[in-house]
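A short worksheet on the structure shown next.
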Amino acid sequence: MIALRCSACGLAVDVDAPVCGACGELPGFVLDTAAFRAGDLRERARERRSSIEPRDRSGVWRFRELLPPVADDAIVTLREGDVPLYDAPRGAAYAGLARLAYLHLGMNPTASFKDAGMTVAISHARERGARVAVCASTGNTAASMAAYAARAGMTAVVLAPVDGISPAKVAQTLDYGAHVVAVDGDFDDALRAVRALDPALAAVVNSVNPYRIEGQKTAAYVLLELRAWRAPDWVVLPGGNLGNTSALGKGFREAHALGLADSIPHLAVVQAAGAAPFASAWNSGTDLIPVRAQTDATAIRIGAPASWKKARAEVRGSEGTVLAVEDAEIADARAVIGRDGVGCEPASAASLAGLRRLVDAGTVARDADVVCVLTGHVLKDTAYAARYHESGARYANAIVRGSAIAEYLAALLAVRA
Ligand code: F0G
């Protein structure tokens, strides 16, 4: 009911082959959606939400019939996937919309969306007898792989530009017992080195691994389920290596084909201006030309995204769009997301910054039903947040110094009165 095929030429691909033997493109799973009934799927998902079985309590494995098969005893789960959907009145006002919601994938067990993909990739690797998992990372993939590998009893090895990424994520990864190898270069260099490894040596669990994509597509199911299976008009998300764009696009496309939702949301992918090869390719209608990436949103400091072709197909299929925003717009948007009591790491906020531009340009209507996807937790990059709040920027909230608390409160109340 689910088969591994080349995402470009459609030929069958062997399990664990890193690329299509015929054309060299990435493999992906194709689900036979005609084999399911929407009513049964919805019913089963509802029943499993009240089960106490770990697989049922996972927002990923609850949909296991729609995933590549993995033996029950190989499944490694940390109860990932069931994340909150928050309404965002301040974010809505900032973007110029009547209403807005955030799907907060940063509320996963290791604090990013990677967990939904990692539970599937590591479970599969364990079932295949892999002893070592490896990835390139800007922080979140590393921590996620490290946690799931630890629970699977596997060795985890990360290749990362450690000095240019969040120290909190590096520390978290070390806590889970992974080996962290500093790369001489950036994420793109690290991913190239990892992809060049002999697959017999270690399971590569970056999003070039199709099992990752299958896990991450369930975020689309979870979002629809949280909205009583009604698709929003737009889903806005940050784009880096573009695995998540491919995954969410696939999830919404499948949900529609399965009859779980009656429409497919337009996908809007937002990149940081200094790391925007996908936005450039989209605007010029040409193939992607890699760049040397530079942005303070370190999670998406990626210049040669591996999944750009898959992502382009999904964005086109959804009649969506791709754009880039400046780092200063990301920084302001991140602070606004905080003011709704939600918070996120910088890359996530590219979504709200991009949405504001799309509303301004009239691409997204002011009464549209929109969900921004927040991909990582507010505590990922506290140094970035601290810098912002001391910067004098529009939403900066600097520490008060040299004032006694009683006088300060009195002055505050006098202003408020
Ligand atoms: N948001 C966050 C918080 C991320 O960590 C990443 C990617 C993205 C967005 C972009 O997602 O690559 O699927 O387009 N982080 C990777 C990592 C590269 O190593 O953690 P994408």
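Read the figures in this text as sums done on the coordinates, not as results from a lab. Just so it is clear, the structure is predicted and the values come from calculations on it, not from any experiment. Virtual Cβ from ideal backbone geometry, glycine too; neighbours counted across all protein chains shown.
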Specify the longest stretch of the chain that does not include any exposed loop site, a site being one of the GluC sites (Glu not before Pro) with a non-H, G, I, E, B DSSP assignment and at most 12 other Cβ atoms within 10 Å. 1-318
Whole-Hz ³J(HN,Hα) from phi, Karplus 6.51 cos²θ - 1.76 cosθ + 1.60, for the range 92-108, glycine and proline x: 4, 4, 4, 7, x, 10, 6, 8, 7, 9, 10, 8, 9, 6, x, 8, 7
Neighbour counts of other C-beta atoms within 10 Å: give me T375, T382, T77, T33 arranged from fewest to most. T382, T33, T77, T375
Along the range 27-33, Karplus-curve 3J(HN,Hα) (6.51, -1.76, 1.60; θ = phi - 60°) to the nearest Hz, with x for Gly and Pro, reads x, x, 7, 10, 9, 7, 5
Where the convex hull is taken over the Cα atoms of the range 1-119, what is its projected area averaged over directions, in nm²? 10.5 nm²
To the nearest 10 degrees, the tilt of helix 210-226 (Cα long axis) against the first principal axis of the alpha carbons of the chain is 50 degrees
Per the C-alpha gyration tensor (a ≥ b ≥ c, the square roots of its eigenvalues), the range 248-338 is rounded if a/c is under 1.5, else prolate if a/b beats b/c, else oblate; here it's oblate
For the range 237-288, what number results from the quotient of the Cα radius of gyration and 2.2 N^0.38 Å? 1.31
Please give the helix 308-317 orientation as an angle from the longest Cα principal axis of the chain, in degrees from 0 to 90, rounded to the nearest 10. 80 degrees
Using the alpha-carbon atoms, what tilt in degrees (0 to 90, nearest 10) does helix 38-49 show relative to the longest principal axis of the chain? 70 degrees
How far is the Cα center of the range 79-121 from the Cα center of the range 28-68, in Å? 20 Å
Given the range 164-208, what whole percent of its Cα pairs are spread farther than 12 Å? 70 percent
Tail weight of P(r) past 32 Å, computed on alpha-carbon pairs of the chain, percent: 32 percent
Within the range 334-417, list the trypsin sites (Lys or Arg not before Pro) lying in a DSSP loop whose Cβ has at most 16 other Cβ atoms in a 10 Å radius. R366, R394, R401
